[in-house]
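The values are calculated or read from the model by the stated rules, or taken from the named source; none is laboratory data. Since we're looking at a predicted model, the values are computed, not measured. Neighbour counts are summed over all protein chains in view; Cβ atoms, including those assigned to glycine, are modelled from backbone coordinates with ideal geometry.
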Amino acid sequence: MPTLRDTIAEDLRTQITTGHLKPGDRLPSEPKLATHYKVSTPTIRQALALLQAEGLIEKAQGKGNFVRAPLRRITYRGGAGLPFASDLQTTIRTTNLRAYGHLRALLRVPSNTLVTEFHCTTYEGETPRSVARIYIPRDLASTAQLAASSWPGCRDANRTEAQETVTARLPTPEEATALRISSTRTVLAITRIALNATGRVVEAALLALPSDAVDVVFTTHPMLNEVETDR
């Protein structure tokens, strides 16, 4: 059975999707909404949090809640390892560090191994669309190599396999700040591990993209023995 929070959120959602509330419109204040729906202010805040998580509204500190203009969706192509849109721009920062803990496990290297981190942010105009941290063993990484390749990360010539894990979750504080989104708005977190023919990890990438503005597409090919079986 729908809760009061869900019922209020659905009513506001309908007003937005039908155009009664248009992009840029300011919603009534939380006390006014509470009076209108005859509920407490905390209930209104819970309903608004749902709409924020869906990307339908955004909260401007000290100004209120506003209907958000829909973002153009971009495509992340599994295996290719990049969000695709012709006019996306990318900024890249590099840092050298040593592998410990989770990073050591991702790269499958001994502790203290030298690693280069590429911190990439893609923008559509001034709007951040994705953030990524790409880690490459120092003996494989070079700025020139990155500059000559597609975003993000090192395109090792011997890379033969990429393992990708996609998870929907709330953003970390760092991701929310970098993407300029609410901490209640879901992101797609993609972990990509690239290996070469010997099984060595040549790249580990951690990407985050707002889930309501991205499509993830994977292309699969039948195995040879499956094709032969169907004949």
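Can you tell me which of Glu175, Glu226, Glu161 is assigned to a helix (DSSP H, G or I) and modelled with pLDDT under 90?
Going through Glu175, Glu226, Glu161 in turn, just one is assigned to a helix (DSSP H, G or I) and modelled with pLDDT under 90: Glu226.
Examine the range 97-110 for a residue that is assigned to a strand (DSSP E or B), under 22 Å from Gln52 (Cβ atoms) and at pLDDT 90 or above, and state whether such a residue exists.
no
For the range 23-39, name all the residues that are out of contact with any helix residue (DSSP H, G or I) (no Cβ under 6 Å at 6 or more places or on another chain), without any contact (Cβ under 8 Å) to a residue 40 or more places away in the chain and not β-branched (Val, Ile, Thr).
Pro28, Ser29, Pro31, Lys32, His36, Lys38
Suppose we filter the range 68-91 for residues that are small (Gly, Ala, Ser) and modelled with pLDDT of 70 or more; how many remain?
Within the range 68-91, residues that are small (Gly, Ala, Ser) and modelled with pLDDT of 70 or more number 2.
Which of the residues that make up the range 3-33 are among the small types (Gly, Ala, Ser), within 22 Å of Gln61 (Cα to Cα) and surrounded by fewer than 17 Cβ atoms within 10 Å (Cβ to Cβ)?
Matches in the range 3-33: Gly24, Ser29.
Within the range 1-55, how many residues are outside any helix (DSSP H, G or I), β-branched (Val, Ile, Thr) and in contact with a Leu (Cβ under 9 Å, 6 or more places away or on another chain)?
1
Suppose we filter the range 3-22 for residues that are of a type in the set (Gly, Ala, Ser) and without any contact (Cβ under 8 Å) to a residue 40 or more places away in the chain; how many remain?
Number of matching residues: 1.
Given Ala34, Ala49, which one is out of contact with any Lys or Arg (no Cβ under 8 Å at 6 or more places or on another chain) and modelled with pLDDT under 95?
Of the residues listed, the single one that is out of contact with any Lys or Arg (no Cβ under 8 Å at 6 or more places or on another chain) and modelled with pLDDT under 95 is Ala49.
Does the range 34-44 include one or more residues that are crowded, with 17+ Cβ neighbours inside 10 Å, touching a strand residue (DSSP E or B) at 6+ places or on another chain (Cβ under 6 Å) and over 18 Å from Ser183 (Cβ atoms)?
No, that holds for no residue.
Against the conditions (1) assigned to a loop (DSSP other than H, G, I, E, B); (2) at pLDDT 90 or above, where does Ile136 fall short? Just the number, please.
Here Ile136 meets the rest and fails (1).
Which residue, of Arg200, Arg169, Arg192, is surrounded by fewer than 16 Cβ atoms within 10 Å (Cβ to Cβ) and at pLDDT 90 or above?
Sole residue among the options that is surrounded by fewer than 16 Cβ atoms within 10 Å (Cβ to Cβ) and at pLDDT 90 or above: Arg169.
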